[in-house]
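The values are calculated or read from the model by the stated rules, or taken from the named source; none is laboratory data. No experiment lies behind these values; they were computed from the predicted model shown. Here the Cβ positions follow ideal geometry from the backbone for every residue, glycine too, while neighbour counts run over all protein chains shown.
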Amino acid sequence: MFDVNHIRQDFPILSRKVKGFPLVYFDNAATSQTPKQVIDVITDYYSRYNANIHRGVHALSQEATEAYENSRHYIQNHFNALHPHEIIFTSGTTHSINIVASGYASLLKPEDELLVSAMEHHSNIVPWQMLCEKTGAILKVIPMTSLGTLDIEAFGTLLTSKTRLVFVNHVSNALGTINPIKTIIDQAHQVGAHVLIDGAQASPHIKADVQALDVDYYVTSAHKLCGPTGVGMLYGKEALLLKLPPYQGGGEMIEEVTFEKTTYASLPHKFEAGTPHICGGIAFGAALKYLNKIGFETIAAYENDLLNYATAALLAIEGLKIYGQADHKTAVISFNLEGIHPYDVGSILDQLGIAVRTGHHCAQPIMDYFKIPGTVRASFSFYNTKEEIDRLVAGVRKAQAMLQ
Ligand SMILES: *Cc1c(COP(=O)(O)O)cnc(C)c1O
């Protein structure tokens, strides 16, 4: 049985006060909070076996290497990757996408086409624009509907034999929309295109099976799923990662270095130049373990209940509009009050100890589509409660009364 009050005791930060009120943390889509089980793993690392990995013969280095590689295995199993070396540790989603985008610079030719969805985070747009500038490839946009879903029919017409890459988020961070990625992957494969799925927003709520999806690249960040910032992963199919040129040169990513010629290390090390975020990599695995212990189905069901409760309560407020009304969405509510700037609503909520995000959520094209400067975004996690949602709703009503 899922007991939210019991779960909340795992998160020390949830018992603090902000501006004199108990904290209500509804900015989970920006970063999630960290349970003590993960904090303990981080403390343990620095207290007992902090050392550089893969190099030392001494005990600490071996313990650190083993913990780091065990974590890679755990992540491999979680995402059901075929090989551990298909999991590349990165600094996060942004870094992962840049590795792939920069690697394709030598694999594309002018006139090749890339398809991006209209609802991407800037980190899944800008690296590809840079790639197009370098190669002369053309970036085309899969359009969105007014419900905040992708126009899959239009996607079908955009796909041609020239399409080389398709990149779409699994879940939109600004709208919460869960995209039909299996359909997208299958259709893209029919024309021989490769697909990168940005899983940053999906990973805390949905367990992705990369083999069942047959996805070519899947990326995420640990800090969205109860892990630390500054660490994430790039999953890639072995055959593709072998062909992809390395992103950064340095230590750890080489096999042999002479001034005449350097040969690269095997996977995953080819993409892991320099000393990595060792403790972060270990904590990433620990965070997934924590979520698996609760269970992804339990998490999704509870969060969906919060979503329905909050949607009904917010829509009862006159002049409140929700952006993103897909049938399948995670517990993200992007909204505006008629005639009131989202920033002003966010500031008043902050005075009440309620943390929401305001602005364009690194997804400016979505805001342009709806012709708005931004939204107020409340994003829920399994450690949130209906009582907290009641406080949000009261806060929004108060903001409306003050600002109207
Ligand atoms: C958070 C997020 C990113 C960026 O993640 P970083 O950890 O900042 O690199 C990219 N895409 C989506 C959908 C996100 O939610």
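Numbers for the structure displayed
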read-out	value
Pairs with Cβ under 7 Å, 6+ apart, first in region 29-47 and within 11 Å of L225 (Cα to Cα), second surrounded by fewer than 16 Cβ atoms within 10 Å (Cβ to Cβ) and of a type in the set (S, T, Y)	T31/T229
Among (1) within 16 Å of the ligand (Cβ to nearest atom); (2) surrounded by fewer than 22 Cβ atoms within 10 Å (Cβ to Cβ) - the single one L213 does not satisfy	(1)
Residue that is buried (at least 20 other Cβ atoms within 10 Å of the Cβ) and more than 16 Å from the ligand (Cβ to nearest atom), where the choices are R72, R55	R72
Residue that is surrounded by the fewest Cβ atoms within 10 Å (Cβ to Cβ), among those in region 122-156 that are of a type outside the set (A, V, I, L, M) and under 19 Å from I322 (Cα atoms)	S146
Of all residues making up region 54-74, the number that are touching a Gly at 6+ places or on another chain (Cβ under 6 Å) and farther than 19 Å from M253 by Cα	2
Within region 217-240, considering residues that are surrounded by 24 or more Cβ atoms within 10 Å (Cβ to Cβ) and away from the ligand (no atom under 13 Å from the Cβ), the one nearest to T263 (Cα to Cα)	G236
Positions within region 164-210 being within 12 Å of the ligand (Cβ to nearest atom) and of a type in the set (D, E, K, R), in sequence order	D198
Segments classed as strands (runs of 3 or more DSSP E), wholly inside region 208-322, with at least 2 members that are over 18 Å from the mean Cα position of the chain (by Cα) and free of Cβ contacts under 8 Å to residues at least 12 places away in the same chain	254-257
Filter result (part of a strand (DSSP E or B) and farther than 11 Å from A399 by Cβ) within region 326-348	K329, V332, I333, S334, F335, N336
Entirely in region 84-148, the strands (runs of 3 or more DSSP E) that have 2 or more residues that are within 17 Å of Q364 (Cα to Cα) and free of Cβ contacts under 8 Å to residues at least 60 places away in the same chain	138-142
Check on Y302, on the phi < 0 side of the Ramachandran plot and assigned by TED's automatic domain parsing to the domain that holds G339	yes
Close pairs (7 angstrom Cβ cut-off, 6 or more residues apart or separate chains): assigned by TED's automatic domain parsing to the domain that holds C132 and under 19 Å from Y235 (Cα atoms) in region 161-189, part of a helix (DSSP H, G or I) and within 16 Å of the ligand (Cβ to nearest atom) anywhere	V166/I184; F167/N124; F167/W128; V168/I181; V168/I184; N169/N124; H170/I181
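Let's see how each residue does on (1) assigned by TED's automatic domain parsing to the domain that holds P365; (2) within 12 Å of the ligand (Cβ to nearest atom); (3) closer than 27 Å to Y369 by Cβ:
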position	(1), (2), (3)
I88	no, no, no
T93	no, yes, yes
S102	no, no, no
S106	no, no, no
K109	no, no, no
L114	no, no, yes
V126	no, yes, yes
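Conditions (1) over 28 Å from K17 (Cα atoms); (2) surrounded by 19 or more Cβ atoms within 10 Å (Cβ to Cβ), marked per residue:
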position: Q325; (1), (2): yes, no
position: A331; (1), (2): no, yes
position: Q351; (1), (2): no, no
position: F382; (1), (2): no, yes
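A quick yes/no check of all residues on (1) assigned by TED's automatic domain parsing to the domain that holds M144; (2) without any contact (Cβ under 8 Å) to a residue 12 or more places away in the chain; (3) of a type in the set (A, V, I, L, M, F, W, C); (4) surrounded by fewer than 19 Cβ atoms within 10 Å (Cβ to Cβ):
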position	(1), (2), (3), (4)
H328	no, no, no, yes
D344	no, no, no, yes
R357	no, no, no, no
Q364	no, no, no, yes
D368	no, yes, no, yes
P373	no, no, no, yes
V376	no, no, yes, no
E388	no, no, no, no
